[in-house]
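Q: I'd like to ask some things about the structure below.
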Amino acid sequence: VQLQASGGGLVQAGGSLRLSCEASGSIFSINAMGWYRQAPGKQRELVTIITSGGSTNYANSVKGRFTISRDGAKNTVYLQMNTLKPEDTAVFYCFIGLGSRGNYWGQGTLVTVSS
């Protein structure tokens, strides 16, 4: 199983970015997909998750600004990030949960928000 994330970059505060993460390989029995992030000097934190049934959860810090979506046919998860803030600066990691086969992670994509 491999995950390829893309879409990070430099954006001004108030701007938007869209991250994508495509999973490939033995992709079946997906429980969930989502995104974590790790800011400099901080622990990795869960940003958002979407289950196979379409339920979503968001960290309080991103509610109302970020939206996760998924294309099941493409095994791809997206993260639309609006109204970005400097404190959103982090490396964003996508993941996929495959039940008993465990979780798999992408390589990370850097999001930098300038003030």
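Q: Where the second residue is open to solvent by 70 Å² or more (accessible area, probe 1.4 Å) and the first is without any contact (Cβ under 8 Å) to a residue 40 or more places away in the chain and lies in the range 60-79, which pairs have Cβ atoms under 7 Å and are six or more apart or on separate chains?
A: Once the first residue is without any contact (Cβ under 8 Å) to a residue 40 or more places away in the chain and sits in the range 60-79, its partners that are open to solvent by 70 Å² or more (accessible area, probe 1.4 Å) give 65/83.
Q: Shifting gears a bit: Of the residues in the range 8-39, how many are of a type in the set (Lys, Arg), surrounded by fewer than 17 Cβ atoms within 10 Å (Cβ to Cβ) and under 13 Å from residue 105 (Cα atoms)?
A: Step one: filter the range 8-39 for residues of a type in the set (Lys, Arg), giving 18, 37.
Cutting the leftovers down to surrounded by fewer than 17 Cβ atoms within 10 Å (Cβ to Cβ) gives us 18.
Checking the rest, the ones that are also under 13 Å from residue 105 (Cα atoms) come to none.
Result for the range 8-39: 0.
Q: Tell me, yes or no, whether the range 26-49 has at least one residue that is in contact with a helix residue (DSSP H, G or I) (Cβ under 6 Å, 6 or more places away or on another chain) and part of a loop (DSSP other than H, G, I, E, B).
A: Taking the range 26-49 first, the residues in contact with a helix residue (DSSP H, G or I) (Cβ under 6 Å, 6 or more places away or on another chain) are 29, 31.
Those still in the list that are part of a loop (DSSP other than H, G, I, E, B) too: 29, 31.
Looking through the range 26-49, at least one residue is in contact with a helix residue (DSSP H, G or I) (Cβ under 6 Å, 6 or more places away or on another chain) and part of a loop (DSSP other than H, G, I, E, B).
Q: Among the residues of the range 7-21, how many are closer than 17 Å to residue 48 by Cβ and assigned to a strand (DSSP E or B)? Even if it seems obvious, please write down each step before you answer.
A: As a first pass, look at the range 7-21 and keep what is closer than 17 Å to residue 48 by Cβ: 7-8, 16-21.
Restricting the remaining residues to those that are assigned to a strand (DSSP E or B) gives 17-21.
Residues in the range 7-21 being closer than 17 Å to residue 48 by Cβ and assigned to a strand (DSSP E or B): 5 in total.
Q: Only one of 58, 104, 78 is open to solvent by 50 Å² or more (accessible area, probe 1.4 Å) and in contact with a Leu (Cβ under 8 Å, 6 or more places away or on another chain). Can you tell me which? Lay out the reasoning, then the answer.
A: Numbers: 58 fails: in contact with a Leu (Cβ under 8 Å, 6 or more places away or on another chain); 78 fails: open to solvent by 50 Å² or more (accessible area, probe 1.4 Å).
Among 58, 104, 78, only 104 is open to solvent by 50 Å² or more (accessible area, probe 1.4 Å) and in contact with a Leu (Cβ under 8 Å, 6 or more places away or on another chain).
Q: Next question, about the same structure. With the checklist (1) in a strand (DSSP E or B); (2) among the small types (Gly, Ala, Ser); (3) without any contact (Cβ under 8 Å) to a residue 24 or more places away in the chain in hand, flag the one item residue 53 doesn't pass.
A: Going through the list (1) in a strand (DSSP E or B); (2) among the small types (Gly, Ala, Ser); (3) without any contact (Cβ under 8 Å) to a residue 24 or more places away in the chain, residue 53 breaks only (1).
Q: Here's a follow-up. Taking residue 83 as meeting all but one of (1) closer than 26 Å to residue 115 by Cβ; (2) open to solvent by less than 20 Å² (accessible area, probe 1.4 Å), write down the number of the exception.
A: (2) is the only condition that residue 83 fails.
Q: Out of (1) touching an Asp or Glu at 6+ places or on another chain (Cβ under 9 Å); (2) surrounded by 18 or more Cβ atoms within 10 Å (Cβ to Cβ), what's the single condition that is false for residue 65?
A: (2)
Q: Now a separate question. Return the total of residues in the range 62-115 being within 17 Å of residue 5 (Cβ to Cβ), modelled with pLDDT of 95 or more and in a helix (DSSP H, G or I).
A: Final tally of qualifying residues: 1.
The values are calculated or read from the model by the stated rules, or taken from the named source; none is laboratory data. Just so we're clear, the structure is a prediction, and the values are computed from it rather than from any experiment. We place every Cβ from the backbone using ideal geometry, glycine too, and count neighbours over all the protein chains shown. These accessible areas exclude ligands, DNA and RNA; they are computed on the full protein's heavy atoms, side chains included. Shrake-Rupley method; radii C 1.70, N 1.55, O 1.52, S 1.80 Å.
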